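Let me begin by presenting the structure, written as structure tokens, before commenting on it.
The values are calculated or read from the model by the stated rules, or taken from the named source; none is laboratory data. Since the model is a prediction, treat every value here as computed from it, not as a measurement. Positions of Cβ are generated from backbone atoms using ideal geometry, with glycine treated the same way; all protein chains shown enter the neighbour counts. Areas reflect the complete protein model, heavy atoms only, side chains present, ligands, DNA and RNA absent. Shrake-Rupley method; radii C 1.70, N 1.55, O 1.52, S 1.80 Å.
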Amino acid sequence: MKPKINYQKKLEELVSTFTSKPKLLLHSCCGPCSTEVIDFLKDYFEITVFYYNPNIEPVEEYLHRKTEQIRFLKEYKEAEVDFLDCDYDNSSFKEIAKGLEHEKEGGARCNKCFYLRMYETAKKAKDLGFAYFGTTLTVSPHKNSMIINEIGEHISGYLKISYIYGDFKKNDGYKKSIEFSKIYNLYRQDYCGCLYGKE
């Protein structure tokens with residue numbers, strides 16, 4: 001059994017060494033999950049949110065969530081956060097989900113989905129000269145932070161770009177994200193993204 005790692009502590013140790021704000025490309029799965037993560041990271045990074053979520057279906061749901069993400073960033077006054085969009089690419093998710101359609105939520109299909117989204121984030125971050133990449137995914141109590149951080153670490157080594165560890169549900173992070181969602185009246189979806197999980 002692997003020893004438990006406090007990924008949030010690892011992040012806090014990293015940012016304590018900073019003397020300036022490096023550029024971070026932060027993958028966001030949705031507006032509500034991004035709220036507390038951005039609020040925590042704003043003091044340490046120049047943040048650009050990258051909205052790459054080909055798993056979200058149908059396209060109307062994808063657009064609704066994206067609109068809410070953009071609205072939050074416009075209305076959030078504590079820091080200036082940039083937004084980087086990309087094309088809706090549901091076929092790339094369908095490709096990696098082949099044969100895993102009936103997996104339970106939180107299983108192998110989800111892990112492949114995490115990898116897909118985080119890999120594209122890291123690749124884009126490297127191409128655009130960002131110092132770090134990261135994700136909001138660990139704010140959810142339904143997501144396995146150890147798996148997400150191990151994926152981030154693997155991609156970091158493969159692409160040679162720094163990854164910020166994190167477990168943003170710690171220190172009441174998830175609870176704070178719900179409070180932010182109420183303040184900004186954000187749409188909070190009732191399923192992660194793909195129709196397999198919804199069913």
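Who wins for biggest fluctuation among Thr136, Thr35, Thr67 in a Gaussian network model of the chain, springs between alpha carbons below 10 Å?
In the Gaussian network model the winner is Thr67.
Over the range 129-191, what is the relative contact order in whole percent, taking alpha-carbon pairs under 8 Å and six or more residues apart?
36 percent
Would you mind telling me which residue in Ser16, Ser156, Ser92 has the biggest mean-square fluctuation in a Gaussian network model of the chain, where springs connect alpha carbons within a distance under 10 angstrom?
Judging by the Gaussian network model, the answer is Ser16.
Just name one of Tyr132, Ser145, Ile56: the one whose Cα is farthest towards the positive end of the charge dipole of the chain (beta-carbon charges, Lys/Arg +1, Asp/Glu -1).
Looking along the dipole axis, the top candidate is Ser145.
Provide, as a two-decimal number, the C-alpha radius of gyration of the chain over 2.2 N^0.38 Å, N being how many residues it has.
Relative to the 2.2 N^0.38 Å estimate, the chain comes out at 0.96.
Find out how many positive minus negative residues lie around Leu63, taking Lys and Arg as positive, Asp and Glu as negative, among other residues whose Cβ is under 14 Å from that of Leu63. Spell out each step's value before the answer.
Details: positive: Arg65, Lys66, Arg71; negative: Glu57, Glu60, Glu61, Glu68, Asp85, Asp87, Asp89.
So the environment of Leu63 carries a net charge of -4.
In Å², what does the accessible area per residue of the range 1-43 work out to with a 1.4 Å probe?
52 Å²
Please give me the summed charge of the neighbours of Tyr7: other residues whose Cβ is under 13 Å from its Cβ, Lys and Arg +1, Asp and Glu -1.
It works out to a net charge of +2.
Relative contact order for the chain: what percent, with Cα pairs under 8 Å and sequence separation of 6 or more?
30 percent
Using a Gaussian network model of the chain whose springs link C-alpha atoms within less than 10 Å, name the residue from Ser34, Ser20, Ser140 with the highest mean-square fluctuation.
Ser20
When the Karplus curve 6.51 cos²θ - 1.76 cosθ + 1.60 is applied with θ = phi - 60°, which whole-Hz ³J(HN,Hα) does each residue of the range 66-71 get, with x for Gly and Pro?
With coefficients 6.51, -1.76 and 1.60, one gets 5, 4, 5, 4, 5, 4 Hz.
Kindly give the semi-axes, whole Å and largest first, of the ellipsoid equivalent to the range 56-166, taking each as the square root of 5 times a Cα gyration tensor eigenvalue.
After scaling each eigenvalue by five and taking roots: 22, 20, 14 Å.
Rg/Rh for the range 1-94: what does it come to with C-alpha atoms and Rh from Kirkwood?
Ratio of gyration radius to Kirkwood radius for the range 1-94: 1.04.
Return the Rg/Rh value of the range 65-110, two decimal places, where both radii are evaluated on C-alpha atoms and Rh is the Kirkwood radius.
1.18
If you plug each phi of the range 118-128 into the Karplus form 6.51 cos²θ - 1.76 cosθ + 1.60 with θ = phi - 60°, what whole-Hz ³J(HN,Hα) values come out, in order, with x for Gly and Pro?
6, 5, 5, 5, 5, 4, 5, 4, 5, 4, 9
How many percent of the accessible area of the chain is carbon or sulfur, using a 1.4 Å probe?
51 percent
In a shell of Cβ-Cβ distance under 12 Å around Phe93, excluding Phe93 itself, what net charge do Lys and Arg (+1) and Asp and Glu (-1) give?
0
Can you give me the orientation-averaged projected area of the convex hull built on the Cα atoms of the range 105-199, in nm²?
6.9 nm²
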